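Accompanying notes for the structure given below.
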Amino acid sequence: LYETYKSTALIEEKLSKKPYSCLCRVSRVGFKTADEILLKLEESGKVKFEEPLRQSKQRMISCYEFQLQQNELSGNTLMEIKKLRELCGKLTPECINYFVDCIKEDNKRVYVDMGKKVVGLRKTMDRELYIYNKLKTMSEVKNLNSRKWLCECENYRDLGGFKLTDEQLNTIAVICENNIEILTACGGAGKSSSVEALLKMCDDNKITYKLMTPTGASSKVLASYTKRECKTIHRGLEFKPTKEGESPWGLNKENKIKEDLVIIDEFSMVDVELFYRILDAVDINTTKLLLVFDPYQLPSVGCGNLAQDLLGFDFIPVNRLTKIFRYGEGGLMNVATSVRN
């Protein structure tokens with residue numbers, strides 16, 4: 001608080017007017033801890049608040065904001081209004097009568113759909129809209145570096161002694177003709193070989209690219225089979241923790257990615273916030289995007305179900321690989337494929 005407000009007098013003033021905002025947003029104290037501290041301060045009389053806290057709107061707002069944040073930590077972007085009210089009623093019953101009025105008035109922080117009777121954090125909804133609109137715009141941009149992307153796909157069918165299928169080779173054709181592509185298949189269907197052939201084509205045509213994955217382990221796997229540099233998304237976007245108020249993302253809307261192509265492997269692990277950061281750094285006039293993932297894997301730990309949602313967007317071309325090359329090896333691959341089928 002002192003780092004933000006610079007004087008004890010100003011801290012007392014801010015704390016008396018917006019106590020929950022001070023502790024939860026400025027000091028990043030969790031709601032339950034902040035609530036306990038503030039109610040004790042009120043009872044002791046050490047701080048004079050502008051309104052009784054226990055029955056206040058501020059307490060109600062901070063409570064449901066906390067519940068929605070917890071909901072996002074579980075992977076969800078929305079919650080039923082009825083469920084949210086029930087949770088808030090258990091945690092702060094003294095001010096539950098303000099619940100309906102607060103979520104209706106709180107447009108800056110909360111998104112409410114009364115038709116579907118669901119509620120979520122406005123910031124996340126704005127992120128999802130941004131993602132949708134940017135991908136839609138990218139799909140409509142024409143002639144993106146068209147000369148660079150003129151190539152004969154058949155030249156890349158032979159890859160180190162074995163031949164790619166038409167489905168695998170189609171990965172190159174689709175990204176040459178479009179600005180976004182999804183390459184999706186279950187394990188053992190040849191996604192790795194498709195990407196490898198695409199990178200060989202890029203090298204031959206002086207097309208620059210950036211390889212990224214969500215985790216350090218997956219980036220090592222991608223680097224090992226492509227024999228090329230691969231970074232985590234955070235490292236690829238030059239993330240560095242900074243002071244409060246400064247962007248920690250080195251590549252962003254002001255400083256865009258310079259490469260012609262961005263390939264995100266294991267995309268099913270990417271959540272709404274991380275994909276927003278990726279798209280924020282993508283220049284739709286110079287950079288194409290290839291998203292690679294297994295549609296049968298679990299969704300991201302963070303909120304959103306991006307991979308599955310994107311498969312439903314009719315403006316994003318999807319290349320699905322259907323032949324399982326490792327099925328004949330038996331063992332777990334055999335069992336998993338049989339169960340899935």
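Whenever a residue of region 22-33 is farther than 19 Å from residue 9 by Cα, its partners that are part of a helix (DSSP H, G or I) and aromatic (Phe, Trp, Tyr), lying with C-beta atoms within less than 9 angstrom and at least six residues away or across chains, give the pairs 24/31; 24/66; 30/66; 31/20; 31/66; 32/66. One residue stands out among those in region 75-107 that are closer than 18 Å to residue 20 by Cα and hydrophobic (A, V, I, L, M, F, W, C): the one that is most open to solvent (accessible area, probe 1.4 Å), which is 91.
Among 72, 51, which is at pLDDT 90 or above and open to solvent by 20 Å² or more (accessible area, probe 1.4 Å)?
On the way: 51 fails: at pLDDT 90 or above.
Selected residue: 72, the only one of 72, 51 that is at pLDDT 90 or above and open to solvent by 20 Å² or more (accessible area, probe 1.4 Å).
For residue 224, the conditions (1) under 20 Å from residue 293 (Cβ atoms); (2) in contact with a strand residue (DSSP E or B) (Cβ under 9 Å, 6 or more places away or on another chain); (3) open to solvent by 60 Å² or more (accessible area, probe 1.4 Å) all hold with the exception of (2). Across region 287-306, the number of residues qualifying as farther than 9 Å from residue 75 by Cβ and in a loop (DSSP other than H, G, I, E, B) comes to 6.
Looking at region 158-186, which of the residues that are more than 24 Å from residue 313 (Cβ to Cβ) and either in contact (Cβ under 8 Å) with a residue 40 or more places away in the chain or of a type in the set (A, V, I, L, M, F, W, C) (or both) is most open to solvent (accessible area, probe 1.4 Å)? Checked region 158-186; the qualifying residue most open to solvent (accessible area, probe 1.4 Å) is 162.
Hey, does region 59-80 have a residue that's within 36 Å of the chain's Cα centre (by Cα), farther than 27 Å from residue 125 by Cβ and not in a helix (DSSP H, G or I)? Full working, then the answer.
Taking region 59-80 and keeping what is within 36 Å of the chain's Cα centre (by Cα), we get 59-80.
Subsequent filtering for residues that are farther than 27 Å from residue 125 by Cβ retains none.
Among the residues of region 59-80, not one is within 36 Å of the chain's Cα centre (by Cα), farther than 27 Å from residue 125 by Cβ and not in a helix (DSSP H, G or I), which makes the answer no.
What is the number of the single condition among (1) open to solvent by 10 Å² or more (accessible area, probe 1.4 Å); (2) basic (Lys, Arg); (3) in contact with a helix residue (DSSP H, G or I) (Cβ under 9 Å, 6 or more places away or on another chain) that residue 258 does not meet? All conditions are met except number (3).
The values are calculated or read from the model by the stated rules, or taken from the named source; none is laboratory data. In this text, all values refer to a predicted model and were calculated from it rather than measured experimentally. With ideal geometry, Cβ positions are generated from the backbone for all residues, glycine too; neighbour counts draw on all protein chains shown. Ligands, DNA and RNA are stripped out before the accessible areas are found, and what is left, the full protein with its side chains, is counted by its heavy atoms. Shrake-Rupley method; radii C 1.70, N 1.55, O 1.52, S 1.80 Å.
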